[in-house]
Amino acid sequence: MNDPLGCAIIGSGMIARYHAAAIAATPGARLVAMAASSPARASAAAAAFGVPCHHSLAGLLADPAIDIVTICTPSGMHAAQAIAAARAGKHVLVEKPLALSLADADAMIAACDAAGVRLAVALQRRTDPVFIQVRQAIASGALGQPILATVTIPYLRDAAYYASADWRGTWALDGGGVLMNQGIHLIDLLLWFFGDAVEVQARAATLAHAIDVEDCLGATVRFASGAQGTIAATTAAAPGFPHRIELYGTRGGIQIEGESIARWEVPGIEPHGVHSGPADAGAGARPGGIQQAGHTRIIADLVAACREGRAPLVDGREARRALAFVLAAYESARHRRAVCPA
């Protein structure tokens, strides 16, 4: 029980480096192997991370030193790799989104349940102290009856970003554009704060990039509580701006910019230990602008969940909610009608 859990990373791109740093910073975890899609990538990854790098998924999953597999590959590959890892008896951490279809998401959840392994998803903003306090304030009833939520995602991804990998901006492997790739983090928070949505009506367009998927989307939302919401998202807003979340109830409201509190009007509750003030554009302006701390906390939580026999903070079922919302928004945009997330 005191031995570190052996972790392996599938994938060798930018996000794999976040996972490697998170594993290195987590007591009770150690990186023991990687897998990459080609011999050249495998050699580069082995040199960069100082561990053996397999050329095949099967070779990696046969390694008895591996307890946890973290999947950092294009989104369209998540389901098959996670199911294979579960069947090999490995705990699984999947980068967002969980999968590209609800059928695949359900198959991943079922495979991990059947194997008795944990399935966690890197929707790491739930670990941020700012967002935890927001969630607690809303759950306590301090805002009164939830009335309105707005999410604004005015990001920039330039042509070089989409050209950096042939899967980016494709339906087959990216699964969507700004809402699926960048916005799903904020959708997850929205549902965590205000509860399940029962109706989404969306319009989507590709206005500024030569990609298959949307770079601009607007939507209205109705929550099960009766509260209303709006979403505005793009990857074409130069030079890139921090996202905003605004949450209002009958007794108060909270405005968040980036990971900072812009305004806190919550009767009887003051935020503590959080930064307030102008927010850096962060991930709004650059893909590498995400904070390392979130991934470290997600890895630490998964290690604890494996030790304690409990569900991770963001397990497959929780991550499925955000996926269902995004897919409902896409269906609404295609058919120009309101859709209920499944």
Options ASP196, ASP215: the member that is crowded, with 18+ Cβ neighbours inside 10 Å and of a type in the set (Asp, Glu): ASP215
Check on GLY294, at positive phi and either at pLDDT 95 or above or in a loop (DSSP other than H, G, I, E, B) (or both): no
Filtered residue count, segment 301-332, keeping only those that are of a type in the set (Gly, Ala, Ser), out of contact with any Leu (no Cβ under 7 Å at 6 or more places or on another chain) and over 19 Å from ALA122 (Cβ atoms): 3
Filter result (surrounded by fewer than 17 Cβ atoms within 10 Å (Cβ to Cβ) and either assigned to a loop (DSSP other than H, G, I, E, B) or of a type in the set (A, V, I, L, M, F, W, C) (or both)) within segment 38-48: SER38, ALA40, ALA44, ALA47, ALA48
Criterion violated by GLY284 - all others in (1) surrounded by 19 or more Cβ atoms within 10 Å (Cβ to Cβ); (2) farther than 30 Å from ASP106 by Cα; (3) at pLDDT 95 or above; (4) out of contact with any helix residue (DSSP H, G or I) (no Cβ under 6 Å at 6 or more places or on another chain) satisfied: (3)
Count - residues of segment 166-201 that are more than 20 Å from ILE147 (Cα to Cα) and touching a strand residue (DSSP E or B) at 6+ places or on another chain (Cβ under 8 Å): 5
Candidates ILE256, ILE261, ILE269 - the one that is among the aliphatic types (A, V, I, L, M), surrounded by fewer than 17 Cβ atoms within 10 Å (Cβ to Cβ), touching a residue at least 40 places away in the same chain (Cβ under 8 Å) and assigned by TED's automatic domain parsing to the domain that holds ALA160: ILE269
Matching entry among ALA82, ALA25, ALA110, ALA105 (being surrounded by fewer than 16 Cβ atoms within 10 Å (Cβ to Cβ) and in contact with a helix residue (DSSP H, G or I) (Cβ under 8 Å, 6 or more places away or on another chain)): ALA25
Selection within segment 12-22 - assigned to a loop (DSSP other than H, G, I, E, B) and surrounded by fewer than 23 Cβ atoms within 10 Å (Cβ to Cβ): GLY13
PRO267 vs. criteria farther than 19 Å from ARG157 by Cβ, touching a Gly at 6+ places or on another chain (Cβ under 7 Å) and not polar (S, T, N, Q): yes
Filter result for ALA300 (small (Gly, Ala, Ser), in a helix (DSSP H, G or I), in the same structural domain as ALA219 (by TED's automatic domain parsing) and at negative phi): no
Qualifying residue in segment 75-84 (condition: in a strand (DSSP E or B) and in the same structural domain as ASP301 (by TED's automatic domain parsing)): no
Among the candidates LEU100, LEU93, LEU143, residue that is in a loop (DSSP other than H, G, I, E, B) and under 17 Å from the mean Cα position of the chain (by Cα): LEU100
Some residue of segment 112-133 being acidic (Asp, Glu) and part of a helix (DSSP H, G or I): yes
Which numbered condition ARG135 fails, given (1) among the basic types (Lys, Arg); (2) over 22 Å from ILE9 (Cβ atoms); (3) not assigned by TED's automatic domain parsing to the domain that holds PHE194: (3)
Qualifying position, being assigned by TED's automatic domain parsing to the domain that holds GLY177 and either buried (at least 17 other Cβ atoms within 10 Å of the Cβ) or at pLDDT below 95 (or both), among VAL69, VAL51, VAL130, VAL92: VAL130
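The values are calculated or read from the model by the stated rules, or taken from the named source; none is laboratory data. Keep in mind that what you see is a predicted model, and the values were worked out from it rather than measured. When we count neighbours, we look across all protein chains shown, and the Cβ atoms used for this are built from the backbone with ideal geometry, even at glycine.
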